[in-house]
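What follows is calculated from the coordinates using simple rules that are stated; it is not laboratory data. It should be emphasised that the depicted structure is a prediction, and the values quoted were computed from it without experimental measurement. FYI the Cβ positions are ideal-geometry reconstructions off the backbone, even for glycines, and counts take in every protein chain you see.
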Amino acid sequence: MSVRRVSLLGALFIATGPIAMALYTPAMAEVVSAYDTTNSLVKMTLTLYFAGFASAQLIAGPLSDALGRRPVIIGFLLLFVTASLLALVAPTIETLIAARFVQGIGASAGVAISRALVRDMFEGDESSRIMNLMGIILAVAPALAPTLGGLLVMHAGWQSVFVAMMAFGVAVISVTVWGLRETVVPDRSRLNLRQLGQSYVTLLTNRHFMATSLTIAGAIGAIYALATILPFILMQELGFSPTEFGLGMLMQSGSFFAGSLVVRHLMKHNSAHRLVVPGLGVILLGSALILSLLIGETTFLRVMVPVAFYTFGIAFVMPAMSTAALAPFPSIAGAASSLMGFMQMGAGLLVGSLAALFDNPVIALAVLIPMMGTVASLSYVVYRRNPHLPEPEPRQEAISGPPVGRTWMPSKKD
């Protein structure tokens, strides 16, 4: 498969989860009224979606190592479409909660398998370029989804968002059947639970993997945490309508999109690894601005400008650190991608759950998101201060020399 095809397929797989989340958030207030229920129960439809999304990745990745990438992603996407149909006709809030949990499970394979596909076929800075291109494509759909969700809720009712999810799921399945070629030799012996456990133990005790994955978790995980906090700030605290909320969220996703375009341009003459430190610097700046919300009046710009800085920085961190985390583990790429995704989503779920304990969502935002930025930065320091031999990181003198596609090898001192 070509770079373009892998990038497109990978972006569609990753986008399934965020789109199902972003389409739904403008409908949450309507769901409370439709089922005559409480905010707490409606929040559960988002929390359990995250829980299914995060935890099922631990199964989806290893399954794709054993059975192949193609059948697993198609199977999980079929589950996603079925759960969307169940959510559409759910007679009670409890049924909707269950359907959202299953939706999360169905969407989970996209994150694990997309990165495993890249690891199967590419490495080094070429892998980082594909991760960046996937990020650019990924940014467009979630950027438009809240706006589309708000318009659907206003003009066609809140159930229409689930029709849109079903349509997207069917479209991704169709593209997958047509365009995805198998990239691994299926090995059913990998379904052995003991071997799977050993793979996860290997990853969890590997300092390189944990440091790189925690860097990603603190950075990208904030996007998922923000998804559980910002609806209540913008719609409840500031009084935005669902459509206004969707338009306001363009500031977050648009910033990530802009950052991805800048990174793509810079990577023509720089290694992706050189962009991580500037990216973390922007994340820390955004964190400091978010922390300032503890003082003064809450306004749209005081909330969303810092969020935009944070997400702009994520675009600089994601390509190199995703490549670095998976590089040493070609034989268990699915498991490594799954665990990395679980840590990323799990961080968002944990912070979102902690935010529910705060009476004021603005205070939750101001306290918790800067903590995630700090975790990302400290994890990167740990990563750089310890040997990282397995990573195909370019030598300093080779930054502008070798042609695209050449695999750089680490120097002996690394």
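For segment 1-81, what does the convex hull of the Cα positions come to per residue, in cubic angstrom? Don't skip to the end; give the middle numbers.
Numbers: hull volume 7.9 nm³, N = 81.
Once divided by residue count, the hull of segment 1-81 is 98 Å³.
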> Scaled to the compact-protein estimate 2.2 N^0.38 Å, what is the alpha-carbon radius of gyration of segment 328-367, rounded to two decimal places?
Replying inline: 1.69
> How large, in Å, is segment 26-70 by the Kirkwood hydrodynamic radius built from its alpha-carbon pairs?
Replying inline: 12.5
>> No solvent, one uniform scatterer per C-alpha: report log10 I(q)/I(0) for segment 144-183 via the Debye equation at q = 0.18, 0.28, 0.34 1/Å, two decimals.
In response: -0.57, -0.87, -1.05
> In segment 205-307, what is the volume of the convex hull around the alpha carbon atoms, normalised per residue and reported in Å³?
Replying inline: 116
> Mind listing P(r) for segment 140-284? All alpha-carbon pairs, 10 Å bins, whole percents.
Replying inline: 9, 22, 28, 29, 12, 1
>> Which of the three applies to segment 42-112, rounded, prolate or oblate, going by the alpha-carbon gyration tensor with a ≥ b ≥ c and a/c under 1.5 meaning rounded?
In response: oblate
> Based on the Cα gyration tensor of segment 148-207, what are the three equivalent ellipsoid semi-axes, each the root of five times an eigenvalue, rounded to whole Å and given largest first?
Replying inline: 40, 19, 10
> By what distance, in whole Å, do the Cα atoms of the chain stretch along each of the three principal axes, largest value first?
Replying inline: 64, 50, 36
>> Per residue, how big is the convex hull of segment 9-131 when only Cα atoms are used? Give it in Å³.
In response: 97
> Hey, can you rank 320-331, 262-273 by average C-beta count inside 10 Å, highest first?
Replying inline: 320-331, 262-273
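For a test of the definition: using alpha carbon positions, the gyration tensor, and the 1.5 limit on a/c, classify segment 310-352 as rounded, prolate or oblate. Walk me through the numbers before you get to the answer.
Numbers: a/c = 4.33, a/b = 1.30, b/c = 3.33.
Note, shape of segment 310-352 comes out oblate.
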> Quick one: what does P(r) look like for segment 277-332 with 5 Å bins over all Cα pairs, in whole %?
Replying inline: 4, 19, 21, 15, 12, 10, 8, 5, 3, 2, 0
> Taking the alpha carbon gyration tensor of segment 238-373, what are the square roots of 5 times its eigenvalues, largest first, to the nearest whole Å?
Replying inline: 29, 19, 14
> For all pairs of alpha-carbon atoms in segment 312-387, what percent lies in each bin of width 5 Å, listed from the first bin to the last filled one?
Replying inline: 3, 12, 18, 23, 19, 12, 7, 4, 1, 0
> Using the membrane-span-like helix rule (whole DSSP H runs, Cα extent along the own axis of at least 30 Å, mean Kyte-Doolittle hydropathy at least -1.0), which helices of the chain qualify?
Replying inline: 3-24, 93-121, 124-156, 207-231, 300-326, 333-355, 361-384
>> How far apart, in nanometres, would the label points at L357 and L294 be if each is projected 7 angstrom from Cα along the Cα-to-Cβ direction?
In response: 1.7
